[in-house]
Amino acid sequence: MATSRKILIADPELDVVRSLSKALRQRGYQVSYAPDGSKALEMAVLRHPDVVLFDDDCTLIDAKSFVNILTSNPRTADIPVVLTTHEADLDRIRAFREGFLKKPFNLDEVLSRIDHLCRRVEAARELKGDAREIEGGLAQLPLADLMQILSMNRRTGRLTLAHGPERGEVVLSNGRPANARSGEVEGEKALFRLLAWKEGTFAFSPGPAPARARIDRSMEDALLEGARLSDERVRLLASLPPLRTRVALAPGRPCRSSRWRSPARCSSSCARRAASAS
């Protein structure tokens, strides 16, 4: 790590705090401890940690109030807070933007979540200057998180992406997606394809806004729709043969899975499915 990352653990369980603090310090993190919500709030304001782990059992100030107070203060609004809890009440936990970590901890999961959030915080800080550029890998900073950061900072410019031989780009205007390109595909369809990339590299360069926008969505709306389409794609692919499967049509023999009785209509229907799947 170039600079030591600061982690605040707010948790009344001292045994948990000791073991987690030891693991974090061994990896170069600075660790602070607060036994309750009131002390955690004081330390968050004074020390401005990179990530806060706030336990559900903290007294004096509860987790929801703690997050609300931090987000209402411009100095602390960007500090990510992860809830730690023995109980996974999903309906209640959905209110926490950074999600939760279930006790007893899986140490690898905790370290991975903290590293991911710290990388996001560092990227956001790099982008605060108007003329700053940023580059990195999508495995460390997923595209959806990167675009959220660009949106929060209301950046205008061009985000170029590379994934093996594939290339893509997203053009932003004042933090909104204005256009995207993936191969020969342009607009919303290209943006949703790019959001599915899990590996590769990115580079953002500030620049002028495009004369005409081909995407008419807010960043939040675009990311939500991209996530929905990605989930639907995964669900559909699970029910289809592998993408490299060769499809052969037997003339005069309708597909058994088709609802069409006419062989000609069956063949055209199967052909369309094969084309869309590839």
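The values are calculated or read from the model by the stated rules, or taken from the named source; none is laboratory data. Remember, it's a predicted structure, so these values are computed and weren't measured experimentally. We place every Cβ from the backbone using ideal geometry, glycine too, and count neighbours over all the protein chains shown.
If only residues of the stretch 148-158 that are in contact with a Gly (Cβ under 9 Å, 6 or more places away or on another chain) and touching a residue at least 24 places away in the same chain (Cβ under 8 Å) are counted, the one that is nearest to S218 (Cα to Cα) is S151. Does R97 satisfy the criteria of being surrounded by fewer than 18 Cβ atoms within 10 Å (Cβ to Cβ), within 15 Å of the chain's Cα centre (by Cα) and modelled with pLDDT under 90? So R97 passes the test. Tell me, yes or no, whether the stretch 182-191 has at least one residue that is surrounded by 20 or more Cβ atoms within 10 Å (Cβ to Cβ), at pLDDT 90 or above and over 24 Å from D231 (Cα atoms). No: zero hits. Has the stretch 134-152 got any residue that is modelled with pLDDT of 85 or more, of a type in the set (D, E) and under 23 Å from E232 (Cα atoms)? The answer is no; no qualifying residue exists.
The single condition among (1) surrounded by fewer than 18 Cβ atoms within 10 Å (Cβ to Cβ); (2) at pLDDT 90 or above; (3) among the charged types (D, E, K, R) that D89 does not satisfy is (2). If you go through the stretch 162-221 one residue at a time, how many are in a helix (DSSP H, G or I) and either closer than 19 Å to E133 by Cα or hydrophobic (A, V, I, L, M, F, W, C) (or both)? Residues in the stretch 162-221 being in a helix (DSSP H, G or I) and either closer than 19 Å to E133 by Cα or hydrophobic (A, V, I, L, M, F, W, C) (or both): 6 in total.
Yes/no matrix, rows are residues, columns are (1) within 16 Å of L8 (Cβ to Cβ); (2) assigned by TED's automatic domain parsing to the domain that holds G136; (3) not basic (K, R):
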| site | (1), (2), (3) |
| --- | --- |
| Y29 | yes, no, yes |
| A40 | yes, no, yes |
| R47 | yes, no, no |
| L53 | yes, no, yes |
| D56 | yes, no, yes |
| I69 | yes, no, yes |
| I79 | yes, no, yes |
| R119 | no, no, no |
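So, E169, is that one buried (at least 16 other Cβ atoms within 10 Å of the Cβ), farther than 30 Å from I7 by Cα and either in contact with a helix residue (DSSP H, G or I) (Cβ under 6 Å, 6 or more places away or on another chain) or in contact (Cβ under 8 Å) with a residue 12 or more places away in the chain (or both) or not? Yes; evaluated as a whole, the condition is true for this residue.
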